[in-house]
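As structure tokens, the structure follows; a few thoughts come after it.
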Amino acid sequence: FAVVIVTVSLTVALGLSDLVVGELFISRDNRDSQRALYAADSGIECMLTAWRESSWSLTPPANPLTINCFGQAVTFPPATGSSPVTVRQKLVNLTDGTCVHMEVVLDSSFSPPVHYFTSRGQSSCATGARSVQRGIRAIQL
């Protein structure tokens with residue numbers, strides 16, 4: 001009789017521990033997803049604010065483009081690609097351990113030119129670390 005009680009107790013304990021471990025993984029994934037989304041949102045807001053407050057479409061593609069984001073100057077290198085489509089990309093590490101990859105595409109084959117702003121946040125930017133990515137895209141017609 002004691003063996004049956006011990007077996008049932010162990011079965012219940014192992015089943016509960018499996019549920020708890022699964023919930024811990026889900027909680028971690030949700031936290032990482034939220035951090036990545038917040039980083040992506042910060043990046044898109046920074047680019048859109050800078051675009052509204054300046055005339056960066058007038059910046060020649062061969063010149064670097066500097067905007068103020070996250071309390072620091074963020075310099076996009078000269079654009080790659082050839083007219084009518086040019087691309088500027090920048091990876092920015094944020095103070096909370098997340099990072100954001102920001103990209104601005106200018107397609108001047110349209111009149112007026114179209115800007116595509118893409119921001120991809122990562123929950124962790126440490127080399128070799130497990131990370132979740134979330135992205136946001138805005139189009140300025």
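None of the figures in this text is laboratory data; all of them are computed from the coordinates on show. Computed from a prediction, not measured in an experiment: that's the story for all the values here. Neighbour counts run over all protein chains shown; Cβ positions are idealised from the backbone, glycine included.
Just a few scattered comments:
- Region 53-127: relative contact order in percent, alpha carbon pairs under 8 Å with at least 6 residues between: 20 percent
- The relative contact order of region 1-126, computed from alpha carbon pairs under 8 Å that lie at least 6 residues apart in sequence, is 24 percent.
- Charge tally around GLY81: other residues with Cβ under 14 Å, Lys/Arg +1 each, Asp/Glu -1 each, net -1.
- Using alpha-carbon coordinates, inclination of helix 2-53 to the longest axis of the chain, degrees: 10 degrees
- Across all C-alpha atoms in the chain, the radius of gyration and Dmax reach 23.1, 84 Å.
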